[in-house]
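Q: Input: one structure, supplied below.
The values are calculated or read from the model by the stated rules, or taken from the named source; none is laboratory data. Not measured: the values here are computed from a predicted model. All Cβ positions, even for glycine, are placed from backbone atoms using ideal geometry, and neighbour counts span all protein chains on display.
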Amino acid sequence: MLIPRCELTQSDDKVFITIYAPYAVVADSEIYVDEDDFRFFSKPYYLRLKLPGGVLETGNKCVTYETDGGKFIVTLEKAVPSETFPNLDLISSLLVKRTNKFPTAPTIIVEGEDEYQEDSNTEEEDCFLSHFDEVIDQNEAKINIGTGPLTQQKYGFCNKYSNSFQGFTYEVGELFDLPEPDVTQASTRSQLRKEREKKDFSEDHYLADYFNAEVIEDAMKYTAPWEMDMLQNNFSSLGSLDADEFDQLKNIICHRWIRLQKKYITLGLVDILLAYCYDHRSTEEEPTSESAWTINKLSSTLCWCERFESLNDVIVAFIRRSLCYPLLRNWELSLRVIYDVQLLLMSSKLYLQKCLLKIHKLFNASEPRYLLNRIYIDDYCHWIAYVDTSELVSIAKEISE
């Protein structure tokens, strides 16, 4: 079964769901609505959404089909008129997919989520709902989750991976500056990183860029799209995920997260965004063949499996690495990138999700960095839809201080 691309908008009293299903058999299409549970089936498509609020079905009149573009437009009445449904642009927070057969992650709980995905249906419903219960097969890289003693060294999103790189000697050398991530103690990673950076820093390269400021002139003049939208106070141009982004996101396994280590996850996000925004600015939004390497190298989270204790540690680590490794090594450029991240965190979660999807795409095309997607970026692509916006704004304000 295929998950069709969809877009959600709202008015004061209605929710509009546009479903792009060009190969659907219109006569056999079915829609099921039960409060916040929305389901659509039309071979070969299946879509299930958990809406942010309750809705009412108004019969056959609630659905129209446009042959141009092959899309269904479903109009649903809000159960509570004038209620605002948040985050309708973040499809990943609404999609309901069964993930219990995914072999590479432990079972953990989404913050604030109930057992919605494990509902049980009546016998009468089973005939109809069986269409919706089919598991979508996906080919995933076989990265092991360690099951050994608690003393094993851990890393990755939520620090949940261990013993994952046995037999990946070449890949470890390409991905990490961290020696032997499966055995190097987490408490020593920061010091080892600083020693390596001190060794790798080139005074000649730094001074050459300092005295030839024209090499960064174009990068400094560049204005990121989220900054432009913020200056114009207009995020409507962002729209929603495009077709490629939607297909990419729906094929990324969504795990279930525990209520722990939020600080480390958020600081890791900032670190990864700093690396991304450096590449985004230095290439002026035109990624190169070196972009995946740059993001990997500049992020201490990705290159050293580091877990930061404070935002200041994140900023200092980024500046150090930005003056050691990339082609353009300039203090003012690094500060400008930090400002980019500050604005990005204040913009919208959809912008952040799009940036993470771009990182994911770059890593998938850069052997063997798809492994970084499996242990870090996959989860971040979905987690960003659930994080409280106020927490991101708080981090942005802390950066400005």
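Q: Within segment 240-259, which residues are of a type in the set (A, V, I, L, M) and outside any helix (DSSP H, G or I)?
A: Selection gives Leu241, Ile252, Ile253, Ile258.
Q: Hey, another quick one. Given the criterion at pLDDT below 90, surrounded by 11 or more Cβ atoms within 10 Å (Cβ to Cβ) and in the same structural domain as Ser291 (by TED's automatic domain parsing), identify the matching residue among Phe168, Phe132, Phe128.
A: Sole residue among the options that is at pLDDT below 90, surrounded by 11 or more Cβ atoms within 10 Å (Cβ to Cβ) and in the same structural domain as Ser291 (by TED's automatic domain parsing): Phe168.
Q: Right, another one. Taking Leu335 and the conditions (1) crowded, with 16+ Cβ neighbours inside 10 Å; (2) within 30 Å of Gln232 (Cβ to Cβ); (3) of a type in the set (A, V, I, L, M), which numbered condition does it fall short on, given that it satisfies the others?
A: Of the numbered conditions (1) crowded, with 16+ Cβ neighbours inside 10 Å; (2) within 30 Å of Gln232 (Cβ to Cβ); (3) of a type in the set (A, V, I, L, M), the odd one out for Leu335 is (1).
Q: So which residues in segment 267-310 are under 15 Å from Ile375 (Cα atoms) and assigned to a helix (DSSP H, G or I), if there are any at all? Talk me through it step by step, then tell me what you get.
A: First pass over segment 267-310, keeping only residues under 15 Å from Ile375 (Cα atoms): 268-269, 272, 296, 299-307.
Of everything in segment 267-310, those that are under 15 Å from Ile375 (Cα atoms) and assigned to a helix (DSSP H, G or I) turn out to be Gly268, Leu269, Ile272, Asn296, Ser300, Thr301, Leu302, Cys303, Trp304.
Q: Among the residues of segment 55-76, count how many are under 31 Å from the mean Cα position of the chain (by Cα) and not aromatic (Phe, Trp, Tyr). Explain how you work it out, then say what you get.
A: Quick first cut of segment 55-76, residues under 31 Å from the mean Cα position of the chain (by Cα) only: 55, 69-76.
Imposing the further condition that a residue be not aromatic (Phe, Trp, Tyr) reduces the set to 55, 69-71, 73-76.
The number of residues fulfilling the criteria is 8.
Q: Restricting the first residue to segment 209-232 and requiring it to be under 10 Å from Glu284 (Cα atoms), which pairs with a second residue that is among the hydrophobic types (A, V, I, L, M, F, W, C) and surrounded by 12 or more Cβ atoms within 10 Å (Cβ to Cβ) meet a Cβ separation below 9 Å and a spacing of at least six or different chains?
A: Partner pairs satisfying both residue conditions: Ala219/Leu328; Ala219/Leu333; Met220/Ala213; Met220/Leu333; Ala224/Cys277; Ala224/Leu343; Ala224/Leu344.
Q: Out of (1) modelled with pLDDT of 90 or more; (2) in a helix (DSSP H, G or I); (3) of a type in the set (A, V, I, L, M, F, W, C), what's the single condition that is false for Ile73?
A: Of (1) modelled with pLDDT of 90 or more; (2) in a helix (DSSP H, G or I); (3) of a type in the set (A, V, I, L, M, F, W, C), only one is false for Ile73: (2).
Q: May I ask you to verify whether Leu343 is crowded, with 18+ Cβ neighbours inside 10 Å and under 22 Å from Trp226 (Cβ atoms)?
A: Working: crowded, with 18+ Cβ neighbours inside 10 Å: yes; under 22 Å from Trp226 (Cβ atoms): yes.
The answer is yes for Leu343.
Q: Separate question: Being in the same structural domain as Arg307 (by TED's automatic domain parsing), of a type in the set (Ser, Thr, Tyr), modelled with pLDDT under 90 and surrounded by 15 or more Cβ atoms within 10 Å (Cβ to Cβ): is that true of Ser190 here?
A: It is false that Ser190 is in the same structural domain as Arg307 (by TED's automatic domain parsing), of a type in the set (Ser, Thr, Tyr), modelled with pLDDT under 90 and surrounded by 15 or more Cβ atoms within 10 Å (Cβ to Cβ).
Q: Quick check: anything in segment 269-287 closer than 23 Å to Glu171 by Cβ, out of contact with any helix residue (DSSP H, G or I) (no Cβ under 8 Å at 6 or more places or on another chain), of a type in the set (Gly, Ala, Ser) and assigned by TED's automatic domain parsing to the domain that holds Asp218?
A: For segment 269-287, residues closer than 23 Å to Glu171 by Cβ, out of contact with any helix residue (DSSP H, G or I) (no Cβ under 8 Å at 6 or more places or on another chain), of a type in the set (Gly, Ala, Ser) and assigned by TED's automatic domain parsing to the domain that holds Asp218: absent.
Q: What pairs come up if the first residue lies in segment 59-71 and is closer than 18 Å to Leu47 by Cα, the second is among the charged types (D, E, K, R) and modelled with pLDDT of 90 or more, and their beta carbons are under 7 Å apart, counting only those six or more places apart or on different chains?
A: Short answer, once both residue conditions are applied: none.
Q: I've got another one for you. Might you check whether a residue that is farther than 22 Å from Lys250 by Cα and hydrophobic (A, V, I, L, M, F, W, C) occurs anywhere in segment 42-59?
A: Yes, there is a match, as at least one residue in segment 42-59 is farther than 22 Å from Lys250 by Cα and hydrophobic (A, V, I, L, M, F, W, C).
Q: Within segment 1-22, count every residue that is under 21 Å from Asp68 (Cβ atoms) and either of a type in the set (Val, Ile, Thr) or modelled with pLDDT under 90 (or both).
A: Qualifying residue count for the region: 5.
Q: Let me ask something else. Across segment 171-196, what is the number of residues that are in contact (Cβ under 8 Å) with a residue 40 or more places away in the chain and of a type in the set (Gly, Ala, Ser)?
A: Counting residues in segment 171-196 that are in contact (Cβ under 8 Å) with a residue 40 or more places away in the chain and of a type in the set (Gly, Ala, Ser) gives 2.
Q: Pairs needed: first member in segment 268-282, farther than 19 Å from Phe308 by Cα; second member anywhere, modelled with pLDDT under 95 and charged (D, E, K, R); C-beta distance under 6 Å; at least 6 residues apart or different chains.
A: No pair meets every condition.
Q: Considering only residues of segment 350-401 that are surrounded by 20 or more Cβ atoms within 10 Å (Cβ to Cβ) and of a type in the set (Ser, Thr, Tyr), which is nearest to Leu302 (Cα to Cα)?
A: That would be Tyr376.
Q: The conditions are (1) touching a Pro at 6+ places or on another chain (Cβ under 6 Å); (2) loosely packed, with under 15 Cβ neighbours inside 10 Å, and Glu195 fails exactly one of them. Which is it?
A: Failed condition: (1).
Q: Another question, if that's okay. Output yes when any residue across segment 354-364 is more than 16 Å from Leu90 (Cβ to Cβ), in contact (Cβ under 8 Å) with a residue 40 or more places away in the chain, not in a helix (DSSP H, G or I) and not acidic (Asp, Glu), and no when none is.
A: No.
Q: Separate question: Restricting attention to segment 21-54, which residues are surrounded by fewer than 17 Cβ atoms within 10 Å (Cβ to Cβ) and closer than 19 Å to Asp89 by Cβ?
A: Of everything in segment 21-54, those that are surrounded by fewer than 17 Cβ atoms within 10 Å (Cβ to Cβ) and closer than 19 Å to Asp89 by Cβ turn out to be Asp36, Lys50, Gly53.
Q: Also, quick follow-up: Of all residues in segment 269-304, how many are within 19 Å of Glu197 (Cα to Cα) and of a type in the set (Gly, Ala, Ser)?
A: Summing the residues that are within 19 Å of Glu197 (Cα to Cα) and of a type in the set (Gly, Ala, Ser) in segment 269-304 gives 3.
Q: Can you tell me which residue within segment 352-401, out of those that are touching a helix residue (DSSP H, G or I) at 6+ places or on another chain (Cβ under 8 Å) and among the hydroxyl-bearing types (Ser, Thr, Tyr), is nearest to Val270 (Cα to Cα)?
A: Tyr380
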